1. For a quick check: with amide H placed at 1.01 Å from N, whose amide H comes under 5 Å from Gly60's, ignoring anything fewer than 5 positions away on the same chain?
2. Hey, got the dipole for the chain? About the Cα centre, +1 on K and R Cβ, -1 on D and E Cβ, debye to the nearest 20?
3. Using a 1.4 Å probe, how large is the accessible area of His143, given in Å² and rounded to the nearest 10?
4. Just by accessible area at a 1.4 angstrom probe, what is the order of Val183, Val77 from largest to smallest?
5. Please work out whether region 13-185 counts as rounded, prolate or oblate from its C-alpha gyration tensor, where a ≥ b ≥ c are the square roots of the eigenvalues and a/c under 1.5 means rounded, while otherwise a/b larger than b/c means prolate and anything else oblate?
6. With an 8 Å cut-off on Cα pairs and a minimum separation of 6 or more residues, tell me the relative contact order of region 1-90 in percent.
7. For Cα pairs less than 8 Å apart in space and 6+ apart in sequence, what is the mean separation divided by the residue count of region 13-185, i.e. the relative contact order in percent?
8. Scan around Leu89 for amide H atoms under 5 Å from its own, H built in the peptide plane at 1.01 Å from N, and keep only partners 5 or more places away or cross-chain.
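The values are calculated or read from the model by the stated rules, or taken from the named source; none is laboratory data. Everything quoted here is computed from the prediction, not taken from an experiment. Here the Cβ positions follow ideal geometry from the backbone for every residue, glycine too, while neighbour counts run over all protein chains shown. Surface areas here come from the heavy atoms of the whole protein model, side chains and all, with no ligands, DNA or RNA. Shrake-Rupley method; radii C 1.70, N 1.55, O 1.52, S 1.80 Å.
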Amino acid sequence: MITMDDIIREGNPTLREVAKEVPMPPTDEEKKLGEEMLEFLKNSQDPVKAEELHLRGGVGLAAPQLNISKRLIAVHVPSNDPEDETPILSTVMFNPKILSHSVQDACLGEGEGCLSVDREVPGYVVRHARVTVSYYDEAGVKHKRRLKNYEAIVVQHEIDHLNGVMFYDHINEENPFALKEGVLVIE
Ligand SMILES: O=CN(O)CCNC(=O)c1cccc(Cl)c1Cl
Ligand code: NI
């Protein structure tokens, strides 16, 4: 089972590498890794398990954060409605790729955090408001999906990890809360 001890932190060069494509279909080992990444996210969002396992909460995870430089991410974005058990997006993506994106940009009003970054980095992380992504599932089946709002932001954060990009690379150094005209702020 994945715990915080398995997650590498800033300074580890793997976080700045461009990860390698996963040949399709994924091997049993790669499929197991994807499942363990998704399980980690669910555990991290479960108050009892997170406490027990000392997990920081996460809605996404990328294989490079486990020092595995492969293009594999997991996302588990719960519904905004606490009554609704069905997550907005819960999946493992092999070789995810942004095929197209909106002209409009967006950012989370509360900024972003990262399990590989043991510090707060305040500021707006400006990303695409909407993206169309392709990816392969653990059976090697190709999917194409349009994403918007929070889930679009999370998937971009994860794909960034596959390209050696950290969320704070997007923050305006001069004025971390500067916003251009038309940028959607997601609360
Ligand atoms: O790469 C994944 N992590 O570092 C897991 C921890 N961060 C988050 O869950 C997180 C938090 C806020 C905004 C975004 Cl977009 C994300 Cl992704
Ligand atoms: Ni991260």
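1. His76
2. Numbers: 20 positive and 33 negative charges, 177 e Å.
With Lys and Arg at +1 and Asp and Glu at -1, about 860 debye.
3. Around 60 Å² of this residue is reachable by solvent.
4. On the way: Val183 25, Val77 0 Å².
Largest to smallest exposure gives the sequence Val183, Val77.
5. Details: a/c = 1.41, a/b = 1.25, b/c = 1.13.
It comes out rounded by the Cα gyration axes.
6. Details: 120 pairs, mean separation 27.9, N = 90.
Contact order relative to length: 31 percent.
7. Numbers: 336 pairs, mean separation 43.1, N = 173.
Relative contact order, region 13-185: 25 percent.
8. Val77
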